[in-house]
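> One structure, as C-alpha cells, below. Some questions next.
Bear in mind that the values in this text are calculations on the coordinates, not laboratory data. Note that this is a predicted model, so its numbers are computed, not measured. Neighbour counts run over all protein chains shown; Cβ positions are idealised from the backbone, glycine included.
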Amino acid sequence: MKFRLPRRLTPVRGLKRLPVVLLLAVLLLVAGTPLVWDRRDDPEPARPVPAAPVGPRTGGRALESAIEAAQQRLKNLPGDWTTWARLGSAYVQQARITADPSYYPKAEGSLKRSLDLEKTTNWQAMVGMATLANARHDFRAALDWGRRAEQVNSSAGSVHGVLVDALTQLGEYDQARDSLQRMLDSDPGVSSFTRASYDFEQRGQVGKAREALQRALADSAAPADVAFCRYYLGELAFNNGDPTEALRQYEQAITADPEYQFPYAGRARARAALGRTAEALADYERVTTALPLPELLVEYGDTLTAAGQPDRARQQYDLLGAARQLSAGNGVVDHLTTATFLADHGQPAEALEQARAEWDARHSVLAADALAWALHRNGRSAEALEHATNATGLGWRNATFYYHRGAIHEALGNRDQARRDLSTALAINPHFDILQAPIARELLDSLGGPV
C-alpha cells in the first residue's frame, strides 16, 4: 500500500509564495551506490528549532573508502563523469560528517568536472549540485538544480528529495508536499518516510509524524539507518515534552551506531532537561569535539551558562565565531542560527541584520520567527507580531514559536493572549531551551500562571 499524504493544505497567512534548509538533503546516487549525508537541520534550522530528517546515512569509514576508490578510479579514467559525480557527492557528505566545510569547494569542483564531461543526461551531478547548494543554504540554487535534474529523470527519488528540501526551506510548503508525494510513490523508504515525518511535524500532526518515522525504522536494515531513525524519534519526543522517551531513543541510536554523533547531542539535551547536568556536559564536550557545528556550540555554551560556568561558556561562544567564519569562507551562509544566537545573547541590532538577510532569502516559518524575535529584541514588538503570527500559521507545535509570540504580546500589553501563548509553549515542551524556558516560566507567572 502506498503512503499517501493529505491533498488539501491550509496556506500560511502572510507568507509569500516566492521561488526562493539542518541544510537538508539526500543522495541516493550514481552507479547504484548510495552516498548520503546527515544533518541538524534542521533545522537546519537554528537551535532550538527541531531539525528535519533527511534520509539514511553512510558511516565515516565506509565513506572514506568510497572517496579513495573514486579518486583511484579517476586517476585511471579521468573522463568517467559518473565517478566525478559520485566523488563530489561524497565530499558533501564528508563535510557533514566531519563538520569541515572545506570539503564543499572540493565537492563543487568534482561536480562541475562531471558536468563539463556530460551536461545533458547527467542528473546525478545535478542532484549533487542541488545537495551542495542546500548544504550551503543557497536554496534558490538548490531548487534550480533540482528542477534541471527532474527534467532529465523525473522518477528518481533523490531528485524529488532535493526538491522537497529546497522547497521546504523556501517556505513553499504545498509544492514541497507535492514533491514529497512523488518521492513516496517512486522510492518509498527511509529517505521519503523521514521527510514525510517532518512534513507532518511542521503541521502539528505529531502522531502521524511518529508513525512515518516508525515506518522508516521498519524499513531500516543497516545499523546506521536504525540509528538515524532512532535519533529523529528522540527529537520528536523531546520537542514534544518527553525527555525520558527521548533519552531512550537517543541511547538506542548510540547502541546501533556509536560513530553517529548527533544522538550524543540529543542525549546531552535530554540529560540536561532531566537534571543530569554533569552527564549532559560530558556528552556536549564529546560531540562538539567531533562536530564543532554552530548550533551544537551554542547548546553547549548555554548549558554551561545554566550550570554557572560562564568562562567555559564564553569559550564555546568564541568557537562559534570561528566556526561561522570557516563556514562563510567555504560558501555556507547561515543567517538563521546567527540571528537567533545574537538575539538571545545581547546583540539585538546585529541579530536584526542577520534575520532580515534570512527573510530576504526565504519566507519560511523559521525565517518569520527569527525576524519576529529580532524585531522584538530591538523594541519593535508591534512590527514583530505579524511575523510571529505567520510563524505559527503552519500549525507546528513549536514551543519556541509560541514563547516568542507570547513575549511579543506581553510587550504590547496583550496580557491574555500572552498568557495563552506562553502556556502553550510550556505545555508543548517545558524544556524547549535551557536558558529561555525559565524566562518563559517567570513571564507566565507574572501574568497569573498557566491558563
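> Find all pairs meeting these conditions: Cβ atoms under 8 angstrom apart; at least six residues apart or on different chains; first residue within the range 62-73 and over 23 Å from Y260 (Cα atoms); second residue hydroxyl-bearing (S, T, Y) and surrounded by 13 or more Cβ atoms within 10 Å (Cβ to Cβ).
Hits for this filter: A70/T83; R73/T83.
> Can I ask one more? Residues to consider are S192, S186, S197; find the one that is under 20 Å from the mean Cα position of the chain (by Cα) and closer than 24 Å to N153 by Cα.
Values: S186 fails: under 20 Å from the mean Cα position of the chain (by Cα); S197 fails: closer than 24 Å to N153 by Cα.
The match here is S192.
> Which of the residues belonging to the range 112-136 are under 18 Å from the mean Cα position of the chain (by Cα) and either of a type in the set (A, V, I, L, M) or closer than 22 Å to D174 by Cβ (or both)?
Here is the first cut: in the range 112-136, the ones under 18 Å from the mean Cα position of the chain (by Cα) are 130-136.
Within the range 112-136, A130, L132, A133, N134, A135 qualify.
> Can you pull out every residue in the range 246-295 that is farther than 21 Å from L326 by Cα, of a type in the set (G, A, S) and surrounded by fewer than 20 Cβ atoms within 10 Å (Cβ to Cβ)?
Result: G275, A278, A282.
> State all residues of the range 389-440 that are of a type in the set (G, A, S), more than 30 Å from R276 (Cβ to Cβ) and within 20 Å of the chain's Cα centre (by Cα); if no residue qualifies, say none. Can you show your working first?
Initial filter on the range 389-440 (of a type in the set (G, A, S)): 391, 393, 395, 399, 406-407, 411, 413, 418, 423, 425, 427, 437, 440.
Subset that is more than 30 Å from R276 (Cβ to Cβ): 391, 393, 395, 411, 413, 418.
Correct list: A391, G393, G395.
> Here's a follow-up. Restricted to the range 166-187, and to residues that are in contact with a Phe, Trp or Tyr (Cβ under 8 Å, 6 or more places away or on another chain) and assigned to a helix (DSSP H, G or I), which residue is nearest to T337 (Cα to Cα)?
The initial filter retains those residues of the range 166-187 that are in contact with a Phe, Trp or Tyr (Cβ under 8 Å, 6 or more places away or on another chain), namely 166-170, 184.
Checking which are assigned to a helix (DSSP H, G or I) leaves us with 166-169, 184.
On the way: A166: 18, L167: 19, T168: 17, Q169: 14, L184: 30 Å.
Per the stated criteria, the residue is Q169.
> Could you list, in sequence order, all residues of the range 320-356 that are surrounded by 17 or more Cβ atoms within 10 Å (Cβ to Cβ) and among the hydrophobic types (A, V, I, L, M, F, W, C)?
L320, A323, V332, L336, A339, F341, L342, A343, A351, L352, A355
> Ok, one more. Can you name the residue in the range 250-280 that is over 17 Å from A437 (Cα atoms) and among the hydroxyl-bearing types (S, T, Y) and is also farthest from the chain's Cα centre (by Cα) among such residues?
T255
> Restricting attention to the range 409-434, which residues are surrounded by fewer than 16 Cβ atoms within 10 Å (Cβ to Cβ), in a loop (DSSP other than H, G, I, E, B) and among the hydrophobic types (A, V, I, L, M, F, W, C)?
L412, the sole residue that qualifies.
> Still on this structure, I have one more. Looking at the range 100-119, which of its residues are over 10 Å from W81 (Cβ atoms) and surrounded by fewer than 19 Cβ atoms within 10 Å (Cβ to Cβ)?
D100, S102, P105, K106, G109, K112
> State whether the residues of the range 264-281 include one that is in contact with a Lys or Arg (Cβ under 9 Å, 6 or more places away or on another chain) and assigned to a loop (DSSP other than H, G, I, E, B).
No: zero hits.
> A further question on this structure: Which ones in the range 188-220 are touching a helix residue (DSSP H, G or I) at 6+ places or on another chain (Cβ under 9 Å), surrounded by fewer than 18 Cβ atoms within 10 Å (Cβ to Cβ) and outside any helix (DSSP H, G or I)?
D219
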